[in-house]
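Take a look at the structure below.
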Amino acid sequence: MEAIVVATIAASLGSAYYTKVSYDRQRKAVKSANRSAKENARLQDEQAKLALAEQQRKNRNLLRQQQATYKANLGALGTSNRSGSGQTYLNALQREYDIEDKYLQNQAKISSDALLNSLGNTTNTNLLRLNSLNSESRLNSINSLGNIATGLSRTMIK
């Protein structure tokens, strides 16, 4: 009879050990997924900022080119670009550039916010998974202790 109790205890302890090993492995995988998601979000954010800076640079260059072309045309006609319709046109070009730049910045902010929301959702999902693993591990430990206690009580009763 005692052999059965010893076997039950050994099986329960073995089950508890493998449950703990499995829990540790899964916990490490969840934490690794969180780190990976954060790094991925950081890289995407950096890439978006670089793309924004490049688009702004292209727009500034285009504005300067348009302004220089218009000033050259005015100069060729012998009119001034400092007053009148010439200045109005140049101001309109500048306003158009400013509006486009503000639009690009707003789009970048929306994209960045969406990226942060996605990262938050991933982190929350992984946290829920980790909490579930914790609960399962505790339950398995309690069950293992219950099995050991049942085995011991059977021995004492007989």
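The values are calculated or read from the model by the stated rules, or taken from the named source; none is laboratory data. What you see is a predicted model, and the numbers here were worked out from it, not measured in a lab. Using ideal geometry, Cβ is built from the backbone for each residue, glycine included, and neighbour counts are taken over all protein chains shown. Heavy atoms of the whole protein, side chains included, go into the accessibility calculation; ligands, DNA and RNA do not. Shrake-Rupley method; radii C 1.70, N 1.55, O 1.52, S 1.80 Å.
Inter-label distance, Lys31 to Gln47: 2.8 nm, where each label sits 7 Å from its Cα along the C-beta direction.
Length available on full extension from Asn91 to Leu104: 0.36 nm per residue minus the Cα-Cα distance, which gives 2.7 nm.
Calculated accessible area for the stretch 72-118 comes out at 73 Å² per residue, all protein chains present (probe 1.4 Å; ligands, DNA, RNA ignored).
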